[in-house]
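Visitor: Encoded as structure tokens, here's the structure I'll be asking about.
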Amino acid sequence: MKIPTTLKHKPVIVAENYENVDGRSAYQTDAKGLSLGLAQWNDRGKVDISAKVWRHTGEKWSRQSEELPMHRVIDLAILICRANLYFREAYSYEKLYDPEHPDIDRVGMQGDAMTVSVCTDNPMIDEDIKLFSQALSEDGELLGERFQTLSRILKEMGY
């Protein structure tokens, strides 16, 4: 299925077969494609680029398609990697986290840092963190393949 090029987001680089590789939803997903392009929120004279997940209901392109600035996509990748690293050792805590010290890391960027923490404001955190850890473990192979690919590409880029 071809990603539309007549909408406000203007695709430049596309993966139109994303539905074939969308994790556990592969071949059964409404996420049909990914694109990198010119952001839909651009003002005249200002150009931002973004990443977009294109969803299709089977009838039409969905309003639930998501568009994110590219730096946020990378920030999400950093957060996912940091969380995955955390859960490798989380078993050492009785509740999979330390309620007295919920901060996991401060990831430096742009002269400041992104604080990565367990969300202790969640009233169901003790149950939810176990479910999250279990799902992360079950997706280990799926995520591991993507981490290896990301690592290889970053090395090719000189990082």
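The values are calculated or read from the model by the stated rules, or taken from the named source; none is laboratory data. Source: prediction; values computed, not measured. As a convention, Cβ positions derive from the backbone with ideal geometry for all residues, glycine included, and neighbour counts pool all protein chains shown.
A quick yes/no check of all residues on (1) of a type in the set (Lys, Arg); (2) modelled with pLDDT of 95 or more:
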position	(1), (2)
Arg63	yes, no
Leu96	no, yes
Ile104	no, yes
Gly111	no, no
Asn122	no, no
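Visitor: Does the range 40-61 contain any residue that is farther than 30 Å from Cys119 by Cβ and touching a helix residue (DSSP H, G or I) at 6+ places or on another chain (Cβ under 7 Å)?
Guide: yes
Visitor: Against the condition exposed (fewer than 12 other Cβ atoms within 10 Å of the Cβ) and under 20 Å from Leu142 (Cβ atoms), how does Arg63 come out, does it pass?
Guide: Details: exposed (fewer than 12 other Cβ atoms within 10 Å of the Cβ): yes; under 20 Å from Leu142 (Cβ atoms): no.
Spelling it out, it is not the case that Arg63 is exposed (fewer than 12 other Cβ atoms within 10 Å of the Cβ) and under 20 Å from Leu142 (Cβ atoms).
Visitor: Separate question: Out of Lys8, Lys2, Lys52, report the one residue that is over 20 Å from Glu138 (Cβ atoms), touching a Ser or Thr at 6+ places or on another chain (Cβ under 7 Å) and at pLDDT below 95. Outline the logic, then answer.
Guide: On the way: Lys8 fails: touching a Ser or Thr at 6+ places or on another chain (Cβ under 7 Å); Lys2 fails: touching a Ser or Thr at 6+ places or on another chain (Cβ under 7 Å).
On inspection, the qualifying residue turns out to be Lys52.
Visitor: Among the numbered criteria (1) in contact (Cβ under 8 Å) with a residue 12 or more places away in the chain; (2) surrounded by fewer than 12 Cβ atoms within 10 Å (Cβ to Cβ), which one does Leu96 miss?
Guide: With respect to (1) in contact (Cβ under 8 Å) with a residue 12 or more places away in the chain; (2) surrounded by fewer than 12 Cβ atoms within 10 Å (Cβ to Cβ), Leu96 is out only on (2).
Visitor: For Glu59, are the conditions met, namely being among the acidic types (Asp, Glu) and farther than 27 Å from Asp22 by Cα?
Guide: Details: among the acidic types (Asp, Glu): yes; farther than 27 Å from Asp22 by Cα: no.
Considered against the rule, which asks whether it is among the acidic types (Asp, Glu) and farther than 27 Å from Asp22 by Cα, Glu59 comes out as no.
Visitor: What about Val47, is it in contact with a Leu (Cβ under 7 Å, 6 or more places away or on another chain), of a type outside the set (Asp, Glu), surrounded by fewer than 19 Cβ atoms within 10 Å (Cβ to Cβ) and not in a strand (DSSP E or B)?
Guide: Numbers: in contact with a Leu (Cβ under 7 Å, 6 or more places away or on another chain): yes; of a type outside the set (Asp, Glu): yes; surrounded by fewer than 19 Cβ atoms within 10 Å (Cβ to Cβ): yes; not in a strand (DSSP E or B): yes.
Answer is yes for this residue.
Visitor: Additional query: Quick check: is even one residue across the range 105-122 among the hydrophobic types (A, V, I, L, M, F, W, C), in contact with a Pro (Cβ under 7 Å, 6 or more places away or on another chain) and not assigned by TED's automatic domain parsing to the domain that holds Asp22? Even if it seems obvious, please write down each step before you answer.
Guide: Taking the range 105-122 as the starting set, the residues that turn out to be among the hydrophobic types (A, V, I, L, M, F, W, C) are 107, 109, 113-114, 116, 118-119.
Retained after the next criterion (residues that are in contact with a Pro (Cβ under 7 Å, 6 or more places away or on another chain)): 118.
Now restrict to residues that are not assigned by TED's automatic domain parsing to the domain that holds Asp22: 118.
There is at least one residue in the range 105-122 that is among the hydrophobic types (A, V, I, L, M, F, W, C), in contact with a Pro (Cβ under 7 Å, 6 or more places away or on another chain) and not assigned by TED's automatic domain parsing to the domain that holds Asp22.
Visitor: Any idea which residue in the range 1-18 is farthest from the chain's Cα centre (by Cα), counting only those that are surrounded by 13 or more Cβ atoms within 10 Å (Cβ to Cβ) and not hydrophobic (A, V, I, L, M, F, W, C)?
Guide: Our first condition is that a residue be surrounded by 13 or more Cβ atoms within 10 Å (Cβ to Cβ); within the range 1-18, this holds for 3-4, 7, 9-11, 14-16, 18.
Filter once more, keeping what is not hydrophobic (A, V, I, L, M, F, W, C): 4, 9-11, 16, 18.
Details: Pro4: 22, His9: 19, Lys10: 21, Pro11: 19, Glu16: 18, Tyr18: 14 Å.
Out of the qualifying residues, it is Pro4.
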